[in-house]
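Enquirer: The structure that follows is given in the form of structure tokens.
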Amino acid sequence: MENQLKKAYSPYLLQHANNPVFWQFWNDENLIKAKKNNKLLIISIGYAACHWCHVMEKECFEDEEVAQIMNKNFTSFKIDREELPAIDSYYMQALQLMTNQGGWPLNIVALPDGKPVWGATYVPKNQWVDVLEQLTLLFEENPDKMYDYAEKLNNGISLANNPLEIYPKNNEKIDFKPLIENWQKNFDLEFGGTNRAPKFMMPTNLNFLYTYSRLNNDISIKNHVELTLTKMAYGGLFDVIEGGFSRYSVDHRWHIPHFEKMLYDNAQLLSIYTEAYIESKNRLYKEVVEKTVNFILNNWQDSSGGFYSAYDADSLNSERFQQEGAYYFWTKEELKQIIPTKEWDLFENIFSINKEGFWNETNAYVLFQEKDLREIALENNLSLEELKQLKIQWESILLNKRSNRTKPLLDDKIITSWNAQLLSGLIDSQKIISSSKLDSSIKKLAGFLQHNIYQEDRLGRVFKNDEIYIKGNLEDYAFTIKAFIDLFNSTQNIEHIKYAQTLALQALDLFFDEKQGFFKSDNNQIIDAVFEIEDNVIPSANAVMSRNLFYLGVIFQNNYFSNLAKEMTQRVLSQINYASVFSEWLLNDLIFEQDFEYIIIKNPSKKELELLNLSTKHSIIIDYSLNIPILDHYKEQIKRIQICNLNSCRLQTDNFEEVINQQ
């Protein structure tokens, strides 16, 4: 046995390549050997940007004493959760059933057949050694007890998978009101989001709530979403200097983040901030989109056209030690040397260089804004434009100064599903940003997802060093299909919608079970198939597939697609009694029942397509000249533009302005 991770692609696995622990890759060959060896398994799961993963590595996995115990009594597997999300999901369900908590690093001890018997997140050295010794002794003296426990736990995991099979078919309409009212009880009315800490952004929730508020003219919900977006944008969580959001805030004010930046968060937030800007015309939201797009394009774009995964939470501080947030925080002394003296009081006021902005753990400040700039301008007898220009100047000075610091570790894996989410986010951003650089990046990313990552009639999941090394799973298919439906809407390129159709048919072949819905992966060693219908920080891939099938069913007149989409959504929603983890399914219902239309237009100009995409949210736009099955019903279209839903057409006109005015 030896540590196999020197041959890894993943930066996370490579971080552990020199550990004295004999880490193994999670693959069929190693799993078969492990079962024959009849040792307990240690399954340790994390990701490159994970702070506590680094801490546990230093305390435990780099330690010779710990390694000796692990190597003698266990077969140890190290897994990057972003490479194998189905494996991560299965063992996370086990941890949550055992401990009522979750997180990373995810450390599981399992029987030789892979069934879990113990789990925890971060564990300090002494406790880790003690647990391993106790479990080793128990396996030697009373293995039947462990096998019995593992079987009961595995049955619990199967139930927790929430397969659609347990939900009966139900055609009753969903009553949103009690779900929303119950949800509102947890709203933070001062800082937005939920009334808790730590605080996650949850773009899926914001997206649904904003759509719900628009369709139901609910000003209270609309205001809550915009309050959340505003407070998030004020800094701390959002990097006001360079752009981009950290993964979550450890406090309820969005001030001190857990500093890792993830592609999937920022991709989704581009869409909701774009929509909020279109709806509210709040210039702050456009600024967030502009900064975040620039951050992503400047820092994470690969020459292939794809985008990297994340920045680590940790970076080198001024003493050259790894410290969480070191790249982002500032001492007061540093700031006073950078900001002109005559402007200091104003700078201090805007960016909370006071007791409210002080971070005790570092004796430093993470820049964040407490008040609206209009209020600050009024207090200081300045025009709003003067204050904005000063703020832009300060941010430029600070960015230049920060460029001398060592950037956080880059996770340079290119993950298909996250890149597909980014493609959707960039397409939305294009509605409010005019940029040749953005246009070029969208084109390159679309090409990457259509050609580089799709090889031998199959999507890949992870791409690095010009090579696909893990097969695509449901999440990769679901978000890529969605992205190419979005791309079709903005370009009217028929190849984009045909590619989405091809991927949908493949997803049905690879992942679909008629009774239970779509499972996460077609290649689950040891573990049972994993089904997920709940949203997390990434939307439910099953919910996204339901919506994809609905759109494709309409466009290609495929009744199987359309009926399956509605049935999946109805089955889930007929059973829920709380809304926040089913927001994508709730959004599906809003789209299917209220917010979907298709717009058929003859000879659309580029500008007209831009205006239609700007003024519609969940509609499909179709150029009359295309050879698509839905147009078979409109061979004799007389008027230039026709707007229809599934049951009727509400407008036929030659006047494009009339269409825009009615949206």
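The values are calculated or read from the model by the stated rules, or taken from the named source; none is laboratory data. Here the structure is a predicted model, which is why all the values come from computation and not from measurement. All Cβ positions, glycine included, derive from the backbone under ideal geometry; neighbour counts span all protein chains shown. SASA here: full protein model, heavy atoms, side chains in, ligands and nucleic acids out. Shrake-Rupley method; radii C 1.70, N 1.55, O 1.52, S 1.80 Å.
Enquirer: Quick one: in the range 166-192, which of the residues that are of a type outside the set (S, T, N, Q), within 23 Å of A565 (Cβ to Cβ) and assigned to a loop (DSSP other than H, G, I, E, B) is modelled with the lowest pLDDT?
Expert: This residue is Y167.
Residue-wise test of (1) β-branched (V, I, T); (2) out of contact with any helix residue (DSSP H, G or I) (no Cβ under 7 Å at 6 or more places or on another chain); (3) not in a helix (DSSP H, G or I).
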{"site": "C60", "(1), (2), (3)": "no, no, no"}
{"site": "K72", "(1), (2), (3)": "no, yes, no"}
{"site": "I79", "(1), (2), (3)": "yes, no, yes"}
{"site": "A86", "(1), (2), (3)": "no, yes, no"}
{"site": "M92", "(1), (2), (3)": "no, yes, no"}
{"site": "L97", "(1), (2), (3)": "no, no, no"}
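Enquirer: Could you check how many residues of the range 595-647 are among the hydroxyl-bearing types (S, T, Y) and under 32 Å from the mean Cα position of the chain (by Cα)? It would help to see each step written out before you state the result.
Expert: First, pick out the residues of the range 595-647 that are among the hydroxyl-bearing types (S, T, Y): 598, 605, 615-616, 619, 624-625, 634.
Pick out the ones that are also under 32 Å from the mean Cα position of the chain (by Cα) and you get 598, 615-616, 619.
Summing the residues that are among the hydroxyl-bearing types (S, T, Y) and under 32 Å from the mean Cα position of the chain (by Cα) in the range 595-647 gives 4.
Enquirer: Being farther than 30 Å from K639 by Cβ and either open to solvent by 50 Å² or more (accessible area, probe 1.4 Å) or touching a His at 6+ places or on another chain (Cβ under 9 Å) (or both) is the filter; apply it to the range 578-610 and report the residue that is modelled with the highest pLDDT. Outline the logic, then answer.
Expert: At the first step, the residues of the range 578-610 found to be farther than 30 Å from K639 by Cβ are 578-589.
Of the ones still in play, those that are also either open to solvent by 50 Å² or more (accessible area, probe 1.4 Å) or touching a His at 6+ places or on another chain (Cβ under 9 Å) (or both) are 578, 587.
On the way: Y578: 87, L587: 97.
Looking at residues that are farther than 30 Å from K639 by Cβ and either open to solvent by 50 Å² or more (accessible area, probe 1.4 Å) or touching a His at 6+ places or on another chain (Cβ under 9 Å) (or both), I get L587.
Enquirer: Quick one: in the range 374-416, which of the residues that are in contact (Cβ under 8 Å) with a residue 60 or more places away in the chain and assigned to a helix (DSSP H, G or I) is nearest to A478 (Cα to Cα)?
Expert: Here is the first cut: in the range 374-416, the ones in contact (Cβ under 8 Å) with a residue 60 or more places away in the chain are 395, 398-399, 401-402, 405-416.
With the extra rule that they be assigned to a helix (DSSP H, G or I), the set shrinks to 395, 398-399, 401-402, 416.
Details: E395: 38, L398: 40, L399: 37, K401: 41, R402: 38, T416: 10 Å.
Among those residues, the one meeting the criterion is T416.
Enquirer: Here is a further query. Among residues belonging to the range 547-577 that are among the polar types (S, T, N, Q) and more than 29 Å from V225 (Cβ to Cβ), point out the one that is surrounded by the most Cβ atoms within 10 Å (Cβ to Cβ).
Expert: At the first step, the residues of the range 547-577 found to be among the polar types (S, T, N, Q) are 548, 557-559, 562-563, 569-570, 574-575, 577.
Keeping just the survivors that are more than 29 Å from V225 (Cβ to Cβ) gives 557-559, 562-563.
Details: Q557: 15, N558: 17, N559: 8, S562: 19, N563: 13.
Taking the candidates together, the pick is S562.
Enquirer: Going by the conditions given, is S490 under 27 Å from H451 (Cβ atoms) and open to solvent by 30 Å² or more (accessible area, probe 1.4 Å)? Even if it seems obvious, please write down each step before you answer.
Expert: Values: under 27 Å from H451 (Cβ atoms): yes; open to solvent by 30 Å² or more (accessible area, probe 1.4 Å): yes.
In short, yes.
Enquirer: Right, another one. Given the criterion basic (K, R) and open to solvent by less than 70 Å² (accessible area, probe 1.4 Å), identify the matching residue among R650, R640. If you could, list the steps in order and put the result at the bottom.
Expert: Values: R650 fails: open to solvent by less than 70 Å² (accessible area, probe 1.4 Å).
From the options R650, R640, the qualifying one is R640.
Enquirer: What about N18, is it open to solvent by 70 Å² or more (accessible area, probe 1.4 Å) and in contact with a strand residue (DSSP E or B) (Cβ under 8 Å, 6 or more places away or on another chain)?
Expert: Values: open to solvent by 70 Å² or more (accessible area, probe 1.4 Å): yes; in contact with a strand residue (DSSP E or B) (Cβ under 8 Å, 6 or more places away or on another chain): no.
So N18 fails the test.
Enquirer: Being of a type in the set (V, I, T) and open to solvent by less than 40 Å² (accessible area, probe 1.4 Å) is the requirement here; does I32 meet it? Write out each step before concluding.
Expert: On the way: of a type in the set (V, I, T): yes; open to solvent by less than 40 Å² (accessible area, probe 1.4 Å): no.
Here the answer is no, as I32 does not meet what is asked.
Enquirer: Look at the range 245-258 and say how many of its residues are in a loop (DSSP other than H, G, I, E, B) and either more than 15 Å from the chain's Cα centre (by Cα) or buried (at least 24 other Cβ atoms within 10 Å of the Cβ) (or both). Steps first, answer last, please.
Expert: Start the filter on the range 245-258 by keeping residues that are in a loop (DSSP other than H, G, I, E, B), which leaves 246-247, 250-256.
Checking which are either more than 15 Å from the chain's Cα centre (by Cα) or buried (at least 24 other Cβ atoms within 10 Å of the Cβ) (or both) leaves us with 246, 250-256.
Final tally of qualifying residues: 8.
Enquirer: Condition first: out of contact with any strand residue (DSSP E or B) (no Cβ under 8 Å at 6 or more places or on another chain) and hydrophobic (A, V, I, L, M, F, W, C). Can you find one or more residues in the range 628-644 that meet it?
Expert: Within the range 628-644, the subset out of contact with any strand residue (DSSP E or B) (no Cβ under 8 Å at 6 or more places or on another chain) is 629, 632-633, 635-636.
Next, from what is left, pick out any that are hydrophobic (A, V, I, L, M, F, W, C): none.
No, the conditions are met nowhere in the range 628-644.
Enquirer: Could you grab the pairs with beta carbons closer than 8 Å, sequence gap of 6+ or different chains, first residue in the range 432-445 and basic (K, R) and part of a helix (DSSP H, G or I), second one at pLDDT 95 or above and open to solvent by less than 30 Å² (accessible area, probe 1.4 Å)?
Expert: From the range 432-445, the pairs are K437/L297; K444/G305.
Enquirer: I've got another one for you. Enumerate the pairs (first residue in the range 648-659 and touching a residue at least 24 places away in the same chain (Cβ under 8 Å); second residue anywhere and outside any loop (DSSP other than H, G, I, E, B) and of a type outside the set (A, V, I, L, M)) with beta-carbon separation below 7 Å, excluding pairs fewer than 6 apart on the same chain, so at least 6 apart or on different chains.
Expert: Listed by first residue and then by second, the contacts come to F656/E608; V659/T653.
Enquirer: Also: When only residues in the range 493-506 that are in a helix (DSSP H, G or I) and polar (S, T, N, Q) count, which is surrounded by the most Cβ atoms within 10 Å (Cβ to Cβ)? Walk me through how you get there before you give the answer.
Expert: Pass one, the range 493-506, residues in a helix (DSSP H, G or I): 494-506.
The next check asks that each one be polar (S, T, N, Q); those that pass are 501-502, 506.
Values: Q501: 19, T502: 14, Q506: 17.
Here the answer is Q501.
Enquirer: Please enumerate the residues belonging to the range 460-500 that are among the hydrophobic types (A, V, I, L, M, F, W, C) and within 17 Å of the chain's Cα centre (by Cα). Give the derivation first.
Expert: Of the range 460-500, the ones among the hydrophobic types (A, V, I, L, M, F, W, C) are 462-463, 468, 470, 474, 478-479, 481, 483-485, 487-488, 494, 497, 500.
Once the filter is applied, which keeps residues that are among the hydrophobic types (A, V, I, L, M, F, W, C) and within 17 Å of the chain's Cα centre (by Cα), the range 460-500 yields V462, L474, A478, F479, I481, A483.
Enquirer: Can you list the helices (runs of 4 or more DSSP H) lying wholly within the range 280-372 that have 3 or more residues being touching a residue at least 40 places away in the same chain (Cβ under 8 Å) and under 28 Å from the mean Cα position of the chain (by Cα)? Steps first, answer last, please.
Expert: Numbers: elements: 283-299, 332-338, 344-350.
In the range 280-372, the matching helices (runs of 4 or more DSSP H) lie at 283-299.
Enquirer: Say whether the condition of being modelled with pLDDT of 95 or more, over 30 Å from L95 (Cα atoms), open to solvent by less than 60 Å² (accessible area, probe 1.4 Å) and small (G, A, S) is met by at least one residue in the range 193-201.
Expert: No, that holds for no residue.
Enquirer: Limited to the range 259-296, what total is found for residues that are over 22 Å from L423 (Cα atoms) and open to solvent by less than 10 Å² (accessible area, probe 1.4 Å)? Outline the logic, then answer.
Expert: Looking only at the range 259-296, we keep the residues that are over 22 Å from L423 (Cα atoms), and these are 259, 280-284.
Right, trim to open to solvent by less than 10 Å² (accessible area, probe 1.4 Å) and you get 259.
Residues flagged as over 22 Å from L423 (Cα atoms) and open to solvent by less than 10 Å² (accessible area, probe 1.4 Å) within the range 259-296 amount to 1.
Enquirer: In the range 601-619, what count of residues is obtained for those that are touching a strand residue (DSSP E or B) at 6+ places or on another chain (Cβ under 9 Å) and polar (S, T, N, Q)?
Expert: Our first condition is that a residue be touching a strand residue (DSSP E or B) at 6+ places or on another chain (Cβ under 9 Å); within the range 601-619, this holds for 601-604, 608-609, 612-613, 616, 619.
Of the ones still in play, those that are also polar (S, T, N, Q) are 603, 613, 616, 619.
Count: 4.
Enquirer: Could you check, for the range 39-52, whether at least one of its residues is of a type in the set (D, E, K, R), in a helix (DSSP H, G or I) and modelled with pLDDT of 95 or more? Give the steps one after another, and end with the answer.
Expert: Going residue by residue through the range 39-52, those that are of a type in the set (D, E, K, R) are 39.
When the remaining residues are screened for being in a helix (DSSP H, G or I), the result is none.
No, the conditions are met nowhere in the range 39-52.
Enquirer: Across the range 547-594, what is the number of residues that are among the hydrophobic types (A, V, I, L, M, F, W, C), under 24 Å from the mean Cα position of the chain (by Cα) and assigned to a helix (DSSP H, G or I)? Reasoning before the result, please.
Expert: The first filter runs over the range 547-594 and keeps only residues among the hydrophobic types (A, V, I, L, M, F, W, C), leaving 549-550, 552, 554-556, 561, 564-565, 568, 572-573, 576, 579, 581-582, 585-587, 590-592.
Next cut, under 24 Å from the mean Cα position of the chain (by Cα) only: 549-550, 552, 565, 568, 572-573, 576, 579, 581-582, 585-587, 590-592.
Right, trim to assigned to a helix (DSSP H, G or I) and you get 549-550, 552, 565, 568, 572-573, 581-582, 585-587, 590-592.
Residues that pass the stated criteria total 15.
Enquirer: Output the number of the condition that W104 fails; it satisfies all remaining conditions of (1) open to solvent by 10 Å² or more (accessible area, probe 1.4 Å); (2) assigned to a helix (DSSP H, G or I); (3) without any contact (Cβ under 8 Å) to a residue 60 or more places away in the chain; (4) not small (G, A, S).
Expert: Among (1) open to solvent by 10 Å² or more (accessible area, probe 1.4 Å); (2) assigned to a helix (DSSP H, G or I); (3) without any contact (Cβ under 8 Å) to a residue 60 or more places away in the chain; (4) not small (G, A, S), the lone unmet condition for W104 is (2).
Enquirer: Something else: Got a sec? Which of E57, E82, E64 is out of contact with any Phe, Trp or Tyr (no Cβ under 6 Å at 6 or more places or on another chain) and buried (at least 20 other Cβ atoms within 10 Å of the Cβ)? Write out each step before concluding.
Expert: On the way: E82 fails: out of contact with any Phe, Trp or Tyr (no Cβ under 6 Å at 6 or more places or on another chain); E64 fails: buried (at least 20 other Cβ atoms within 10 Å of the Cβ).
None of the others qualify; the one that does is E57.
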